[in-house]
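Here's the structure we're looking at; comments come further down.
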Amino acid sequence: VEKQTKDYTILSWSTGYYKARVWCFPFHIEILCEDEVRVTFNPENKLWFETLQDTKRQGEDNDSLWKETFGQFVDYKANGPSSVGADLRFHGFSHVYGLPEHADPLQLRDTREGEPYRLYNLDVFAYDLKSPFGLYGSVPFVLAHSSNRTLGVFWLNASETFVNGDSASPVKRRRTEPHTDLHWLSESGIIDCRVLLGPQPKQVFSQYAQLTGVFAAPSVCAGYHQCRWNYNDEADVTAVDAGFDLNKIPYDVIWLDIEHTDGKRYFTWDPALFPRPAELQRHLEKKKRKLVVISDPHIKLDPDWPLFREARDSGHFVKDREGQIFKGSCWPGESCYLDFSNPATRAWYSRCFSLNNYKGSTSSLFVWNDMNEPSVFDGPEQTMPKDAVHFGDWEHRDLHNLYGFYQQMATAEGLVTRSGGLRRPFVLSRSFFAGSQRFGAVWTGDNVATWDYLKISIPMLLSLSVAGIAFCGADVGGFVKNPTPELLVRWYQAGALQPFFRGHSANVTKRREPWLFGEEVTAAIRATIHQRYLLLPYWYTLFYWAHATGLSPLRPLWVEFPKEEDTFTIDNEYMIGGALLACPITDPGVQQIQVLLPGSDEVQSLTAHKGGRTVCLPVTMETVPVFQRGGTIICRATGTGSCTADFQKQPLSLTVALNTQVRGELYLDDGYSFNYLDTKTFCLRRFKMDSGLLCSRAFSEEGSFDSDTIIQSVTIMGQKSTPSSVLLSVSGKRNINVRILSTSSTTAVNRLILMFSTTLLLFATK
């Protein structure tokens, strides 16, 4: 306590840099940074909470407070009205981001003239665009950003939540500063509000990760995934697998939707269509590829099915308000829903993935959790009634947005346990909450094959990324309807520049394998996917940093250029890590594109551009606008291959974009175990180039990691003249002459390409 009066109390920390001034009446809290108020809690005295009640108060006749009608549905509130709410003001901020998941621009809108943002996980088919309506997942986290500071607010509440935003611009005459007000209102629960003080974007991400957990380093599943609802049978799967090889298109994982099961009973296989599932998985595993199957949270109500009987008899299902097992409709017909809020249910569900219990499965089988909002076809808004009852007598209204989170948690734990704790899982979930990044990937759900859905996918993924959901993607090509060849190519080009890269389509659409649209389209998609695989060393390094620091691979421009106000409203281009700027083409018939290049750095594509300006570039169907930031070094794979495992055997190349200071990194581990955590068995190599000297050193915290990875070539962008000779020194003990493979010096760019005449073991020394 720094100071106390009859009106307020001041608390301080960090040697007085931060302070909290708590006012007694009206109650509000001001958070100060360097003695300036940055955030006020309850500035408009809108703090609100309703206490839980066992029964109605005597004489209370207003039934509307205790029950609510929605169409033919009636929601009975066992404890009466229980909403909580509060408002916060960001002083000096006009730009606020976050609150996924919505099909809306990245910057949050002023909602005074429209609907508030809604956080309520729902199964929404072909969702509306540019809408604050809630979709499949919810993360109640926002970031406020200005050229001077970044702040975050985390509202920890899993019930239905509405957020209203009100941005006030500065008025020069009155010398007022801009500010943004946010009003949070949740249906139930408590007020648990955390303010993250930054002061820079990357520090806010780190602070948020400390609260909700860091991204789980993935098994090597960052390549391309091929999915459809549904591949017909085992012969269809092997034919598609062979088609990728025949057309020389790499991929890693093929997926099966609900039709692979025996009558929509999860953990089973259709005996006619998939009679030898383990053999199918072994066929793929020989090629270093994997199979993913779907596992939804609803269980077919079938008393003759042992798994249903076991779940019923062990009390693993959600109950209705009368205490009976809740029944709802989904893909199998009448179904019961697992209560994943119960630790015992999660443990039981995890055991279902063991090789002994899941007949026909192998260790190379991974899992996809769908319909886990949860989707109930005959429920209100196609979800579970709010008065359903979970473990500990919690109503569904209290934890609705956590349902999918808990299923993904249980699935990931099941796959880890299946391996004896030795192998990392891969789990994709449609529904999510804050912290879901700890368990796997998410995607943006049932999108449509139109240009508008391609365009909105970028701000949607950026919104997920700033909220910590690092491994995210959108269905390439659109889930429903049929894309034109041009749209399909452009979507592949965009998807290859996003963390989770999967093509997916519904059973009512035409088949969409990359080779079905003519050689020109096939060649364009092949080249795009191949470039994704060449960049996997860079992507994998970014995934490591997401795990270590909470900084997502996909970043709005303002994360890397926090002082440049021109970037604050940009959401059609973004940074991949700190080195690459991507601007996917999301309109038909485009022949030129405008790209904002922020910063003062020299930017390299195959043409050098000065930063701090917008450039207009000609494009073709083969053009994917990606720029390397001056002062960075990127590691790429070389050669060709059919999957990630093939590219891991290939030599690496370095691309150096010169500037005053030049830095880069490369992370490697075995790609599947937890040794990177348990014994620090990984390699993190740091590169720098100063005054013509390119150096590589090991990160101090790494353990021993044996690798045959080599660097075969170095391309130096921006080299003004050709050196007479180049020497390579290994630990200062020996020098190797390096062959200058080629040079170019044009008005476009100066390049120097070096080829080593001997293989250099990248990790020969520390």
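The values are calculated or read from the model by the stated rules, or taken from the named source; none is laboratory data. What you are looking at is a predicted structure, and each value in this text was computed from that prediction instead of being measured. Neighbour counts run over all protein chains shown; Cβ positions are idealised from the backbone, glycine included. Heads up: the accessible areas ignore ligands, DNA and RNA and are worked out on the full protein's heavy atoms, side chains in. Shrake-Rupley method; radii C 1.70, N 1.55, O 1.52, S 1.80 Å.
Overview of values
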read-out: nm² value of the averaged projected area, convex hull over the Cα atoms of segment 562-705; value: 11.4
read-out: Rg/Rg_globular for segment 324-406, with Rg_globular taken as 2.2 N^0.38 Å and Rg from C-alpha atoms; value: 1.19
read-out: With every protein chain in place, segment 169-323: carbon and sulfur % of accessible area (1.4 Å); value: 51
read-out: Accessible area of Arg346 in the full protein assembly, 1.4 Å probe (Å², nearest 10); value: 40
read-out: Anchor Lys290: lysines whose Cα lies under 28 Å away (excluding residues fewer than 8 positions away in-chain); value: Lys248, Lys264, Lys300, Lys359, Lys481, Lys510, Lys649, Lys680
read-out: Whole-percent carbon and sulfur share, accessible surface of segment 572-694, 1.4 Å; value: 49
read-out: Which label in (1) 28.5; (2) 30.1; (3) 27.8 gives the computed Kirkwood radius over Cα pairs in Å; value: (3)
read-out: Separation of the Ser14 and Gln531 label points, Cα + 7 Å toward Cβ, nm; value: 4.1
read-out: Whole-number accessible area per residue in Å² for the chain, which is evaluated in the context of all protein chains at 1.4 Å; value: 41
read-out: Packing-based ranking, highest mean first, of 293-305, 531-543 given that Cβ atoms within 10 Å are counted; value: 531-543, 293-305
read-out: Selected from Met409, Leu246, Trp348, residue furthest toward positive end of dipole (the chain; charges at beta carbon); value: Leu246
read-out: Neighbour cut-off at most 15 other Cβ (10 Å), DSSP loop, GluC sites (Glu not before Pro), segment 1-55; value: Glu2, Glu34, Glu44, Glu50
read-out: Mean ellipticity per residue at 222 nm, deg cm²/dmol - from DSSP H runs of n ≥ 4 across the chain, formula -39500 (n - 2.57); value: -5500 deg cm²/dmol
read-out: Sites Ser64 and Asp166, calculated FRET efficiency, Cβ-Cβ separation with R0 30 Å, nearest 0.05; value: 0.60
read-out: Heavy atoms of Lys327 accessible to a 1.4 Å probe, total area in Å² rounded to 10; value: 100
read-out: Charge sum, other residues only, whose C-beta stays under 13 Å from Arg289's C-beta, Lys/Arg counted +1 and Asp/Glu -1; value: 0
read-out: Cβ crowding within 10 Å averaged over residues, with 146-153, 221-228, 460-467 ranked highest first; value: 460-467, 221-228, 146-153
read-out: Segment 504-558 - Rg and Dmax from Cα coordinates, angstrom; value: 16.4, 44
read-out: Positive-end residue of Val590, Thr632, Leu652, charge dipole of segment 586-695 with Cβ unit charges; value: Thr632
read-out: Only Lys, Arg (+1) and Asp, Glu (-1) charged, at Cβ; the chain dipole about Cα centre in debye; value: 3020
read-out: Pairwise centroid distance, computed over Cα atoms, of segment 226-277 with segment 429-495, Å; value: 22
read-out: 14 Å cut-off, amide nitrogen to a point 7 angstrom out along Glu622 Cα→Cβ, residues in segment 511-528; value: 520-528
read-out: Lys, Arg +1 and Asp, Glu -1 on Cβ, resulting dipole of segment 25-163 about Cα centre, debye, nearest 20; value: 140
read-out: Leading residue at positive end of dipole, segment 394-533 (Cβ point charges), from Val521, Leu487, Ser431; value: Val521
read-out: Which of Thr5, Thr161 is most accessible, then next, and so on - probe 1.4 Å; value: Thr5, Thr161
read-out: Relative pair counts by distance (%), Cα atoms of segment 99-184, 10 Å bins; value: 16, 46, 28, 9, 2
read-out: Arg424 accessible area, 1.4 Å probe, all protein chains in place, Å² to nearest 10; value: 10
read-out: 18 Å Cα-Cα reach of Lys3 towards lysines, excluding residues that sit fewer than 8 places from it in its own chain; value: Lys19
read-out: Within the accessible area of segment 1-155 (1.4 Å probe), percent carbon and sulfur; value: 51
read-out: Spatially proximal aspartates and glutamates relative to Lys455 (Cα-Cα < 12 Å; intrachain offsets below 8 disregarded); value: Asp104, Asp571, Glu573, Asp587
read-out: Share of alpha-carbon pairs per 5 Å distance bin for segment 517-593, given as whole %; value: 3, 13, 16, 20, 19, 15, 9, 5, 1, 0
read-out: Ranked by how many other beta carbons lie within 10 Å on average, peptides 615-624, 412-421, 246-255, 366-375 from highest; value: 366-375, 246-255, 412-421, 615-624
read-out: Segment 185-322: mean projected area of Cα convex hull, nm²; value: 14.5
